[in-house]
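Worksheet: the structure to be examined is printed underneath.
Derivation of every value follows stated rules applied to the coordinates shown; laboratory data play no part. Quick caveat, the model's predicted, so the values are computed rather than measured. Note that we place each Cβ from the backbone using ideal geometry, even for glycine, and neighbour counts take in every protein chain shown.
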Amino acid sequence: MRIALCVARFYEELADRLEAGARARFAEAGVEEVDRLDVPGAFELPMAALLAAESGRYDGIACLGAVIRGETDHYDWVCQESARGIQEVQLRTKVPCAFGVLTVDTMEQALARAGGGKRDSGRHAAEAVLALARVRGALAVP
């Protein structure tokens, strides 16, 4: 199995923590080939996921990043469009894509969900990719 991690780097510390959680879960599952594709922010994740899916190289894609609410409605647009875009990629290509993007109000909330414990969103994204890949395999979907 080969996996792509599409990682929004806008919040470096959060990106690193989410990636570590995802990589740990993939390693536990015996996945040895995990490539990282960096993008500036969450809005760019769908395009990176689409390019990865269409390349034919990957059995699954975990999209990781964070959007923290600010004073404008920019937050709403970025959250909505990154989620919609990632979902569209997996439905169109049939390559499992997980939404491991934190959508939170504060950095404290983001840190609580980025690494370690029950709230490890990077790990949860990896688990979603693995589960969907199993379903796809069981149904022999090309």
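Just to be sure before I move on: is Ala133 touching a residue at least 40 places away in the same chain (Cβ under 8 Å), of a type in the set (Gly, Ala, Ser) and farther than 19 Å from Ala8 by Cβ in the structure I sent? Please lay out each step first, then the result.
Numbers: touching a residue at least 40 places away in the same chain (Cβ under 8 Å): yes; of a type in the set (Gly, Ala, Ser): yes; farther than 19 Å from Ala8 by Cβ: yes.
For Ala133, the condition - touching a residue at least 40 places away in the same chain (Cβ under 8 Å), of a type in the set (Gly, Ala, Ser) and farther than 19 Å from Ala8 by Cβ - is met.
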#### Entry: Residue in the stretch 87-103 that is in a helix (DSSP H, G or I) and either aromatic (Phe, Trp, Tyr) or under 22 Å from Glu12 (Cα atoms) (or both) present
no
### Query
Of all residues in the stretch 4-36 being over 11 Å from the mean Cα position of the chain (by Cα) and among the aliphatic types (A, V, I, L, M), which is nearest to Glu108 (Cα to Cα)?
Leu14
### Task
For Val31, state whether it is among the β-branched types (Val, Ile, Thr), outside any helix (DSSP H, G or I) and over 17 Å from Leu102 (Cβ atoms).
yes
### Query
Any chance the stretch 116-130 includes a residue that's among the acidic types (Asp, Glu) and over 16 Å from the mean Cα position of the chain (by Cα)?
no
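Scan the stretch 19-54 for residues that are under 28 Å from His74 (Cβ atoms) and either surrounded by 13 or more Cβ atoms within 10 Å (Cβ to Cβ) or acidic (Asp, Glu) (or both) and report the count. Spell out how you get there, then give the answer.
If we filter the stretch 19-54 for residues that are under 28 Å from His74 (Cβ atoms), which is where we start, we get 19-22, 36-53.
Now restrict to residues that are either surrounded by 13 or more Cβ atoms within 10 Å (Cβ to Cβ) or acidic (Asp, Glu) (or both): 19-22, 36-39, 41-53.
Going through the stretch 19-54 one residue at a time, the tally reaches 21.
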